[in-house]
Every structure is written in structure tokens, then in C-alpha cells.
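Bear in mind that the values in this text are calculations on the coordinates, not laboratory data. Worth saying up front: this structure is predicted, and the values here are computed from it rather than measured. So basically every Cβ, Gly included, is an ideal-geometry build from the backbone, and we count neighbours across all protein chains shown.
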Amino acid sequence: MVGDTILKLNHISKLYPGVVALDDMNMEFREGEVHAIVGENGAGKSTMIKTISGAIEPTKGTIEINGETFDHLTPKLSRDKGVAVIYQEFTLVPVLSAADNIFMGEYMLNGMVLDRKSMEEKAKELFDRLHVKIDPKTKVADLTTGFQQIVEIAKAISKDAKILIMDEPSAPLTITEVEAMYEIVDRLKAEGVTIIYISHRMEEIFRLSDRVTVIRDGKYITTLNTKDTNKQELIKLMVGRELNETYPIREKGAGEVIMKLDKVSGNGVKDISFEVKKGEILGLGGLVGAGRTELAQLIFGSERVTSGSITYNGKELHLKECQQAIEEGIAMIPEDRKRHGVILEMSIKENTTMPCLKRISKKGVLSATREDEVTERYKKELLIKTPSINQYVKNLSGGNQQKVVLAKWLAMNPEVIIFDEPTRGIDVGAKQEIYEIMNDLANQGKAIIMISSDMEELIGMSDRVIVLCKGRMAGSLSKNEISQEAILMKAAGAE
């Protein structure tokens, strides 16, 4: 039963040099509701979370919690007032137990000694409340991603959280784990916990939320009862324009074969054989753990091929490291852009030109002019939204960070580009832009290998799909054979 207003943002603004992150934002949240927040990357969602959690201080405005008004919160004050946040990147310590992680910083003591028994008993009570079976003594490193997520939730409710903010909670989870998380959200809502749910996945918004608020460019747009709206309306409100064509139409067909895998094994995959053609997008489908990323790592040279062969431009590759693949014209956009795609503490310019420093240097001296020219070119071509190419990548939205990763590799002029989950954690507007970029690259004759767990994306973008199951090739589907049923049948190992 949804109750009275528990949290209000009154005219909240947050200004950074050259950027208005939040612009006179007004919003209210009710007790016992799931309130979804949607908006493109860069809309202000993260800044809003940090304002409520006390991580940042607003430039102006006030925050009301249970009728008390504050001009800003500190992390401790926010926690004391019943606010807890579960971030997209977990804040757990892998080498410690589930119980240790739940009570970290607030350990139970028996005199001067750590009272592990009481902590484990209390942790078990929390897991029982969430209807999950986790041994409190188990190290977090030994838990699945789904159970790690539940440890984060248990940590939040152990502090008697009344307002739980969940930031893209399903991003790292499997389908089964997502369903388990849905049940937990429903249960907490029934207990009267207010859940602020941030997600790019529309199906989750409509499955879980009572109301949904749209923000755009740091501004509050509107709040709707979820049952009274639809996907198309929300997308239009989020991007401020109609998005009619979800997947762009390819102008040219596939060309000649540029790469051939013949019974390739290694890194957990076995006997993989297929061809990659110029000017096509070849999708790699399969369930989590099927070996898609592991196969991509073999092609990119970050892992060794133990048997079989990869032929590229008519010659067999013997890759011992990814630098060789890069020199051959093979690039890889990794799944985790923040850890493996960019250096967040460096600028857009430094990230973009990093792989091609030799090309823009003369006799070992870097040309600052060429460095600026290259970066400005890809900033313009990829529509990277930033006040300056000297902006730190950490200050960009997820979609723009992904474009910087892409700019870095395009500056090397590769012939084969591997995209591993190209739009994970990216809003619908930025997705459309990434799709257009991939389509343009294919039209230019680049060969694209795309790994995607988004079924609509896999079907909509691929010219062919190779399906993997348990490290082996389960089948190949041509454009007219691609369907969700066909992919899932082969991914599950069914004939």
C-alpha cells in the first residue's frame, strides 16, 4: 500500500564548470512505492543519486526526508535517515564472507572481540527475510553475481533502510537472477520500503514500478503512473524526439571473406569454425557462459589459440598478444568499458590517441596539433557530447564513454572490429547512435563481430548469427533464419 511522501527534492541544482548537471529539479517519492527514474545517459540520474546519498552537495535547493528539511546531506546523515544505495558496481570485498560484508564498518562486538556468531545469525535472518539461501560464512568471491547482488541488498536493509536506491541492478545478472531480484523488490515494497529504481530496461520499468519519472538534460520532465504510459511515450519523453527506426538499414551487402576460423580451440572454447566477411555484422549469440567473449579474446590475441587456425587476409595468424592483432587491423570494444576500454582519469584526447601515438609522432616527438586534429575529428564524427576534448572521461555519460572507446580504435583504422555488448548500460538515444555508427562502419566495408545478450539487438543488427553453447558452436543462422526461438533453441543445445 503506497503511503505518504517520504522524500522530496525542492529546486535542486548542481553546477560544475561548464556543465549544469541538475537544473532546478523538483521530485517526490512516496512510502512503499517502486518509483522508476528514466533518462538518457547524462540526463542527471547519477548526480541525483549522489545528492540524495550525500556523496555530493547541491549548489542550491533543499531535500526533505520524513518532513525534515536539509540544504544538503552527508553520507552518514543520509544513512541515519534511512537511505541506502546499491550501485551498479558492487562495493563488496571479495575475500571477506557474506556476513563480514553486510556488517562492515558496523561490526558486532562481544567485549573487544568480533562477535562472528551474532553477525552470522543476523545475516541468516536477513537472507531468510529475503527468502534466499546463502551461507553467511561463504566468501563473496565464491558467490554468483546474483547472490552478490542479494548480499548488497541485505547490507542495505541491515541498516533499516526505508529508502532503497537501486542503480541498474539487473545489468550484471542472468535471466534467472533477474527474476529472483524482482521477487525481492516486490517483497521489500510490500514491507513499506520505498524503492527508487533506475534502469534502461523498459521491461523492468513496466514489471516493477508504480510510477516513473522522466528527466532530460538535468531537468525534471514529468512523472507518470506506469500503468498509464507505454514504451514509445517514455522514449519520446526521454530523448525529446521520435525514434522511429530502431535498427538502421544496411545499404550494401557483405563482401569477400576477410577472416576464417577453422576448428579453433582454446580459452574454454572448442572446434569453432566460421567465416567473417567484409561489410557485414556477424552476431555471436548464446547464454551467459557459452564462450562468446572467450572466443573474441582468441581472435583479438589476448588469449592463446591452442589448436586450429585463424586465417586473416589470406594468411594464418599466430597471435601471442593483442598488440599483434591491433597492428594487423583487429580492434575490440570490450564489455566493461570502465575497466578495460578507457582510462577514466585521463582526458578524451589522451584516450583517443593512445593506440596511435607512433602515427602522430615525428622522430619520437608527439605532435600536439595532430593529436588535437585526430581527437576533434572523431569527436565530431561520433557526436561525442563534451565541452572540451580535454574533459576527463570519468565525467562523461556511459554512451559518450563508449564512443571514446570506439574513437580510440577507429583512429587505428581497423578492418575487423569486435563489439562485446556494445550498448550495455546505455540509454535508448545513445543506443540508436551506436547502431548508426556500426551500420556506417559496415557500409564502409569493415567487418564487425558483435556479441550481444540483448535479443532484439542481436536480431535487429545482425546479418548472420553464430550461436555458441557450452564453448562449442551450436549453429549458424542466415538473415532470414534469425529469430528469438531459433537462437534460444540452439543456445540451449536443442536440435
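Relative to one another, the C-alpha centroids of the stretch 440-495 and the stretch 104-147 are positioned 42 Å apart. With neighbours defined as other Cβ atoms within 10 Å of a residue's Cβ, the residues Thr386, Thr59 order from fewest to most as Thr59, Thr386. Applied to the stretch 272-285, the Karplus parametrisation 6.51 cos²θ - 1.76 cosθ + 1.60 on θ = phi - 60° returns per-residue 3J(HN,Hα) values of 9, 9, 6, 10, 10, 10, 5, x, 10, 10, 9, x, 10, x Hz, with x for Gly and Pro. Straight-distance candidates among the lysines for linking to Lys362, with alpha-carbon spacing under 21 Å and chain neighbours fewer than 8 residues away dropped: Lys349, Lys408. Amide H contacts of Ile449 (H built 1.01 Å from N, in plane; Pro and chain starts excluded): Leu282, Ile417, Ile418, Phe419 sit under 5 Å, all sequence-distant by 5 or more or on other chains. Bridges between two residues of the chain, per DSSP, are antiparallel at a rate of about 60%.
For the pair Leu344 and Val93, label points projected 7 Å from Cα toward Cβ lie 2.0 nm apart. Within a straight-line Cα-Cα reach of under 16 Å, Lys81 can be paired with the following lysines, leaving aside sequence neighbours fewer than 8 residues apart in one chain: Lys8, Lys50, Lys155, Lys159, Lys162.
In percent, how large is the relative contact order of the stretch 209-279, given Cα pairs closer than 8 Å and 6 or more residues apart?
Taking the mean separation of contacting Cα pairs over the length of the stretch 209-279, I get 20 percent.
For the chain, the mean residue ellipticity at 222 nm estimated from helices alone is -9500 deg cm²/dmol, where every DSSP H run of n ≥ 4 contributes -39500 (n - 2.57) and the total is divided by all residues, rounded to the nearest 500.
Its Cα gyration tensor gives the stretch 5-239 an equivalent ellipsoid; the semi-axes, largest first and in whole Å, are 31, 21, 15. Taken about its Cα centre, the stretch 257-491 carries a charge dipole of about 560 debye when Lys and Arg each add +1 at the Cβ and Asp and Glu each add -1 at the Cβ. Work from the charge dipole of the stretch 5-239 (Cβ charges, +1 for Lys and Arg, -1 for Asp and Glu, about the Cα centre) and give the residue of Val20, Ala55, Met112 farthest towards its positive end. Value: Val20. Look at (i) 49; (ii) 55; (iii) 40: the one that is percent of Cα pairs over 35 Å apart derived from this structure is (iii). When His200, His131 are arranged by Cβ crowding within 10 Å, least crowded first, meaning fewest neighbours, the order is His131, His200. Charge tally around Glu321: other residues with Cβ under 15 Å, Lys/Arg +1 each, Asp/Glu -1 each, net -1. So what is the relative contact order of the chain, in percent, for Cα pairs below 8 Å that sit 6 or more residues apart? Contact order relative to length: 15 percent.
Think of the chain as having a plus end and a minus end, set by charges on the Cβ of Lys, Arg, Asp and Glu; of Ile157, Val404, Pro414, Pro414 sits farthest toward the positive end of this dipole. Amide hydrogen proximity for Gly475: with H placed 1.01 Å from N in the peptide plane, the residues at 5 or more positions away or on another chain lying under 5 Å are Val467. Using a cut-off of 27 Å between Cα atoms, the listed pairs Lys139/Lys338; Lys14/Lys76; Lys394/Lys470; Lys260/Lys490; Lys252/Lys338 include Lys394/Lys470; Lys252/Lys338 as exceeding that distance.
In summary, no helical segment of the chain meets the span-like criteria, namely a full DSSP H run, a Cα extent along the axis of 30 angstrom or more and a mean Kyte-Doolittle hydropathy of at least 1.0. When the trypsin sites (Lys or Arg not before Pro) in the stretch 244-296 are filtered for DSSP coil states and for at most 15 other beta-carbon atoms within 10 Å of their beta-carbon, the remaining sites are Lys252.
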